[in-house]
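No lab work stands behind these numbers, since they all come straight from the coordinates. Please read all numbers here as calculations on a predicted model, not as lab measurements. All Cβ positions, glycine included, derive from the backbone under ideal geometry; neighbour counts span all protein chains shown.
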Amino acid sequence: MVGLITFTIYTNDRLLDLESDAASNPQRTAFVRRYRHPLYVLSALAYGLAVALAALGGPLAFGLTLFPGVVWVLYAMDWISTSSLPIQRLKDVLFVNSTLVATAWSLTIVLLPVAYANATVTPAAGVIFGYFVLATFVNTEIANVRDIKSDRARGVSTLPTVLSVTRTRHALYGITLLTGSILGYGVIEGYVTAMAAGVLSVGLVCLLGVTGAIGRIDERWLSISAECTRLPVFALLVLFTLL
């Protein structure tokens, strides 16, 4: 369900920002422009399937499935352009943009399994939620490094546009280390096991490596590398589950 929602939202986001993305990612923009109509259809079908599956999990699962879409509308759509108030689109506001993205995805990832299992939200869920929020925030800001020129031209405020690339790297180091401290707190308090925290920490070590590459490698590979930092965590979780 999360995969279907992710496909839907990011596809529509690419379709919405075709003009602004042309400068920062011309190849992707050309692909999206060429297959615009099939992508519209596929994204609609994916979201419909996700919502249908969510209905089987009860009201909470249904609401959690709709939540990222609602956040995206508030985040990306220029719904305040007709207003006379000096308000920016949420996607353009420093910290608000990345925090919204991180919170929406993390709530869905953490709480959907809880809803389907009809389980109680425990402190362990809070620790995992904090882990995903901060790690996703870092991923989002890493991806913003590639879009510095286009974001500045549109007046979008991100860490790379406000800070220098070097300072952004240092700030993301700090946030990643803070994420690790949350896992450490969870272990000390007994909310998560040391093994679980160790597995999740592998993703943070990989994320530190990608953060260290900011400003040192081609920006096109940064966001992909950041997203791939969770693959070792997934592989280890599957391995320990099978053992």
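A few remarks follow.
- Value of [θ]222 nm, deg cm²/dmol, for the chain, DSSP H segments ≥ 4, -39500 (n - 2.57) each, nearest 500: -25500 deg cm²/dmol
- Cα convex hull, segment 97-184: 81 Å³ per residue, rounded to a whole number.
- Dipole in debye (nearest 20) - segment 1-53, about Cα centre, beta carbon charges: Lys, Arg +1; Asp, Glu -1: 200 debye
- Contact order relative to length of segment 165-231, as percent, for alpha carbon pairs under 8 angstrom and 6 or more apart: 38 percent
- Label zone of R152 (point 7 Å out along Cα→Cβ, amide N under 18 Å): in segment 1-20 this covers 20.
- Structure remark: mean-square fluctuation, Gaussian network model of the chain, C-alpha springs under 10 Å; the largest value among I188, I109, I128 belongs to I188.
- Given R0 = 51 Å, the distance between the Cβ atoms of L239 and A171 translates into a calculated FRET efficiency of 0.95.
- Size descriptors for the chain: radius of gyration and Dmax over Cα atoms are 18.6, 61 Å.
- Label-to-label distance, A44 versus L60, with points set 7 angstrom from Cα along the beta-carbon direction: 3.3 nm.
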